[in-house]
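Engineer: Below is one structure. I have some questions about it.
The values are calculated or read from the model by the stated rules, or taken from the named source; none is laboratory data. From a predicted model like this one, the values you see are computed outputs, not experimental measurements. A quick note on method: Cβ atoms are made from the backbone with ideal geometry, for glycine too, and the neighbour counts reach across all protein chains shown. Accessible surface is based on the protein model in full, side chains and every heavy atom, while ligands, DNA and RNA are left aside. Shrake-Rupley method; radii C 1.70, N 1.55, O 1.52, S 1.80 Å.
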Amino acid sequence: MKAAALLLFVLPTAATASGLDCIFTTICSPQTDCQTHPGVPFSFESNLGNLSFSVENQQITGSPLSHLATPAMGALFQTSDTSTVLLTIAANRAAVMTQQDVSATGGVRSVSYFGSCEPVA
């Protein structure tokens, strides 16, 4: 599978940040239930408010979720012909990233990563 803190001062927004650094500490899947981890890192680049990440030397740019009001944000990424990633970040920087894969037999597998994301200036 390809792979997602409340601060008391002003942070850069996605439009002004160069990216996001995320740490996911809980990972849940129907196949494995939920597991606690010390922190699974995941980084996103930001260009004019559009988020992207690299997988196997390929840059994947997400489609912004425009219905979320700033400072919350989110994006939907098509990572392959059969896989998508949905990232949602709340105003308090709490984040969830879910990967969904459609199998060759028509089933769906899903893994959700829970943690937080911080803008990188």
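Engineer: Over 5 Å intervals from 0, what percent of Cα-Cα pairs in the chain sits in each interval?
Structural biologist: 2, 11, 21, 25, 20, 13, 6, 2, 1, 0
Engineer: Additional query: Which residues' amide hydrogens lie under 5 Å from the amide hydrogen of residue 72, considering only partners 5 or more residues apart or on another chain, with H built in the peptide plane?
Structural biologist: Correct list: 91.
Engineer: Continuing with this model, one more query. Could you please state how large a percent of the accessible area of the chain is carbon and sulfur, counting protein chains only and using a 1.4 Å probe?
Structural biologist: 57
Engineer: Provide the gained length on full extension for the span residue 104 to residue 83, in nm with one decimal, where the gain is 0.36 nm per separating residue minus the Cα-Cα distance.
Structural biologist: Once the chain is fully extended between residue 104 and residue 83, it gains 6.4 nm.
Engineer: Okay, next question. At residue 67 and residue 28, where each label point lies 7 Å from the Cα along Cα→Cβ, what is the point-to-point distance in nanometres?
Structural biologist: About 2.0 nm, to one decimal.
Engineer: Can you order the peptides 103-110, 74-81 by their average number of other Cβ atoms within 10 Å per residue, highest first?
Structural biologist: 74-81, 103-110
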